Amino acid sequence: MDHVLKIADRYFLTPYVYPASWPEDGALRQLISLSLLTNLGAQTVYIIFGALNFYCVFDHRLMKHPLFIENQVSQEIQLAITSLFWMSFPTVLIFFLEIRGHSKLFDDINQSSRGWPGVFLSVAGFLFFTDMCIYWIHRSMHHKSIYKYLHKQHHLFKIPTPFASHAFHPLDGFLQSLPYHVYPFIFPLHKVVYLSLFIFVNIWTISIHDGDYRIPGPLISIINGAAHHVDHHLYFNYNYGQYFTLWDRLGGSYKYPSVLQGRGPTDHIGKLAADKALIQ
């Protein structure tokens, strides 16, 4: 995050926003700047990629499903924007620790003991680590003593759109994002790779809510995509994973996508339309 902060300071914040008496490395200034950048960045990624997905990828026939609630899209957006705002405060504190040098993030590839191969391995490690942690955090959110207070808000949307991707209770959303922030405090990671992965996971989260259920055959049993995740919204106790199906298989919560068995939301809509045609 320090790269983003330095660019913002150089081209905008230092010449146009802050008085000259505020040094760029001042803690208060950095906290304020990080708050602005984190909020702006999160909202921008959510709105832009959510809208692109909604208008270019999302199957709008799903909005005719009986479980698609009235004014759902506006409810999803309102909850997500509110949640992202409140989530930004604890997130900023973690970013602050990062730019103060308390993490294992690094700038120079030569600082990696394995060079470029180590960078690529760190990407795999990040995905494996975060997928594992999110699985267990997500599954714990479904415990009866927690669910109604935190995770229930997200499950109001049985037939989600891309805008439901970040529509969480703020604490729920932050806890599920925590593994992304924890990883570079435990394992070395290049700063640009970290920032890229952080953007990637937000886009991925949007994609698994987009109603595009197509998955290349060989990857059906490996990748947790929208086809898997819609069953999580519909049937509740299945497919908690973020990217992969590994932990669902190990945890006994894997469900083969009903969409790929002809029993998905679009199939239900098609049946309703056929029944209606017969009646008429």
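See the values below:
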{"read-out": "Checklist (1) part of a loop (DSSP other than H, G, I, E, B); (2) within 28 Å of the chain's Cα centre (by Cα) applied to Ala51, failing item", "value": "(1)"}
{"read-out": "Test: residue in segment 234-242 that is within 11 Å of the chain's Cα centre (by Cα), surrounded by 17 or more Cβ atoms within 10 Å (Cβ to Cβ) and among the aromatic types (Phe, Trp, Tyr)", "value": "no"}
{"read-out": "Filter result for Ala8 (over 22 Å from the mean Cα position of the chain (by Cα) and either in a helix (DSSP H, G or I) or surrounded by fewer than 15 Cβ atoms within 10 Å (Cβ to Cβ) (or both))", "value": "yes"}
{"read-out": "Where a residue in segment 5-24 is more than 18 Å from Asn39 (Cα to Cα) and its partner, wherever it lies, is part of a loop (DSSP other than H, G, I, E, B), with Cβ under 8 Å and at least six apart", "value": "Thr14/Glu24"}
{"read-out": "Residue within segment 98-113 that is outside any loop (DSSP other than H, G, I, E, B), basic (Lys, Arg) and modelled with pLDDT of 90 or more present", "value": "no"}
{"read-out": "Number of positions in segment 123-148 that are within 17 Å of the chain's Cα centre (by Cα) and hydroxyl-bearing (Ser, Thr, Tyr)", "value": "2"}
{"read-out": "Positions within segment 129-161 being in a helix (DSSP H, G or I) and in contact (Cβ under 8 Å) with a residue 60 or more places away in the chain, in sequence order", "value": "Thr130, Asp131, Met132, Ile134, Tyr135, Trp136, His138, Arg139, Gln153, His155, Leu156"}
{"read-out": "Enumerated helices (runs of 4 or more DSSP H) restricted to segment 162-280, each holding at least 3 residues that are farther than 22 Å from Phe68 by Cβ", "value": "170-186, 191-207, 246-251"}
{"read-out": "Matching residues in segment 28-47 - criterion: being in contact (Cβ under 8 Å) with a residue 60 or more places away in the chain and surrounded by fewer than 16 Cβ atoms within 10 Å (Cβ to Cβ)", "value": "Leu31"}
{"read-out": "Tally of residues being in a helix (DSSP H, G or I) and surrounded by fewer than 19 Cβ atoms within 10 Å (Cβ to Cβ) across segment 54-67", "value": "6"}
{"read-out": "Some residue of segment 257-265 being in contact with a His (Cβ under 9 Å, 6 or more places away or on another chain), farther than 30 Å from Ser88 by Cα and of a type in the set (S, T, N, Q)", "value": "no"}
{"read-out": "Within segment 101-112, considering residues that are surrounded by fewer than 21 Cβ atoms within 10 Å (Cβ to Cβ) and in contact (Cβ under 8 Å) with a residue 60 or more places away in the chain, the one farthest from the chain's Cα centre (by Cα)", "value": "Gln111"}
{"read-out": "Qualifying position, being under 30 Å from Thr44 (Cα atoms), surrounded by 13 or more Cβ atoms within 10 Å (Cβ to Cβ), in contact with a strand residue (DSSP E or B) (Cβ under 9 Å, 6 or more places away or on another chain) and in contact (Cβ under 8 Å) with a residue 12 or more places away in the chain, among Ile215, Ile203", "value": "Ile215"}
{"read-out": "Qualifying position, being more than 21 Å from the chain's Cα centre (by Cα) and either among the hydrophobic types (A, V, I, L, M, F, W, C) or at pLDDT 90 or above (or both), among Pro188, Pro216", "value": "Pro188"}
{"read-out": "Subset of segment 113-138 [surrounded by 13 or more Cβ atoms within 10 Å (Cβ to Cβ) and farther than 17 Å from Phe198 by Cα]", "value": "Gly118, Tyr135, Trp136, Ile137, His138"}
{"read-out": "Cβ-Cβ under 8 Å pairs, at least 6 apart or on other chains, segment 175-198 side farther than 12 Å from Phe95 by Cα and of a type in the set (Val, Ile, Thr), far side at pLDDT below 95 and surrounded by fewer than 21 Cβ atoms within 10 Å (Cβ to Cβ)", "value": "Ile186/Lys104; Val192/His3; Val193/Val119; Val193/Val123"}
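The values are calculated or read from the model by the stated rules, or taken from the named source; none is laboratory data. Small disclaimer: the values here were computed from a predicted structure and weren't measured. So basically every Cβ, Gly included, is an ideal-geometry build from the backbone, and we count neighbours across all protein chains shown.
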